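Encoded as structure tokens, the structure appears first; notes follow it.
The values are calculated or read from the model by the stated rules, or taken from the named source; none is laboratory data. All values reported here derive from a predicted model rather than from experimental measurement. Reconstructed Cβ throughout: ideal geometry from the backbone, glycine too, with neighbour counts over all protein chains shown.
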Amino acid sequence: MSLAGSIAPHIPYLRRYARALTGSQKGGDSYVEATLQAIITDPSSVAAGHNPRTGLYRVFSQIWNSLDINSDTDRSGRHDADQRIEAITPRPRQAFLLTSVEGFPLDEAAAVLDCDLAELQRLITRAGEEISEQVATDVLIIEDEPIIALDLEALVEDLGHTVIGVARTHTEALELVRERRPGLVLADIQLADGSSGLEAVNEMLGSFEVPVVFITAYPERLLTGERPEPAFLITKPFAEATVRAVSSQALFFKQNARSGGRAAADMGTNPAE
């Protein structure tokens, strides 16, 4: 199989990882594009003793960790928010996302980050400590399947957050938001009444900013890079570690002026299943 054919199936999921790291579709997809350009320039970089998926993520990681974006300022001395990522996610969160969301075995995650297993374990432990230190928030769940909603509610509460309500439809979601604004939204894509969770969230973002994590059984449909798409995605069926990692990463950007509101705003209103 050609190099292009071997890495192509993994590119949508690299977009998922990149968007989670940057907090936005635009930023994440730009890094993926830079990764692909680097591979085109030097095809051996992705095949240097690793399987195609590990090699692809490794090249991405090398580019990601090599950039000192904090030195990139405009003439007034202020950082140009439209031309750079607001903050590089530290290595502990990279390790946590690689293992919890992307599902890399420990040895392959270590290869991606160019570290040994002992260092990887230290990074994952540190990420867990950072997450446990996060301030609890109010969470709105938009999910029409009762069992999944109950699972999400239990997971969110185990993380120390408070669930302010579970909405099954676009209308219910907006009614709950009018009563109490959440600090985080977990939203299914396709709702019980045939409406879109994307549309419900977009309407919310018209009045306030909030980090949003979308839930879908078909993540590849929202990882094309060809249209406005979500920054944070959880795949059904999901694991507790995935909810923990992605929700934490969304909240990681909450204090940023271009945080969850930006990330979700980037996605537009294109409905998807």
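Looking at Ser207, Ser196, which is the one that is more than 24 Å from Leu97 (Cα to Cα) and free of Cβ contacts under 8 Å to residues at least 40 places away in the same chain?
None of the others qualify; the one that does is Ser207.
Those residues that are aromatic (Phe, Trp, Tyr), buried (at least 19 other Cβ atoms within 10 Å of the Cβ) and part of a loop (DSSP other than H, G, I, E, B), I need them from the range 190-236; list them, please.
Phe232
Is there a residue being among the small types (Gly, Ala, Ser), under 18 Å from the mean Cα position of the chain (by Cα) and outside the structural domain of Ser66 (by TED's automatic domain parsing) anywhere in the range 147-156?
Looking for residues that are among the small types (Gly, Ala, Ser), under 18 Å from the mean Cα position of the chain (by Cα) and outside the structural domain of Ser66 (by TED's automatic domain parsing), one finds none in the range 147-156, hence no.
Which residues, counting only those in the range 162-182, are in contact (Cβ under 8 Å) with a residue 40 or more places away in the chain and surrounded by 19 or more Cβ atoms within 10 Å (Cβ to Cβ)?
Listed by number, the list holds a single entry, Pro182.
Residue by residue through the range 136-148, note down the ones that are touching a residue at least 24 places away in the same chain (Cβ under 8 Å) and out of contact with any His (no Cβ under 8 Å at 6 or more places or on another chain).
If the condition is that a residue be touching a residue at least 24 places away in the same chain (Cβ under 8 Å) and out of contact with any His (no Cβ under 8 Å at 6 or more places or on another chain), then Leu140, Ile141, Ile142, Glu143, Asp144, Glu145, Ile148 are the ones that fit.
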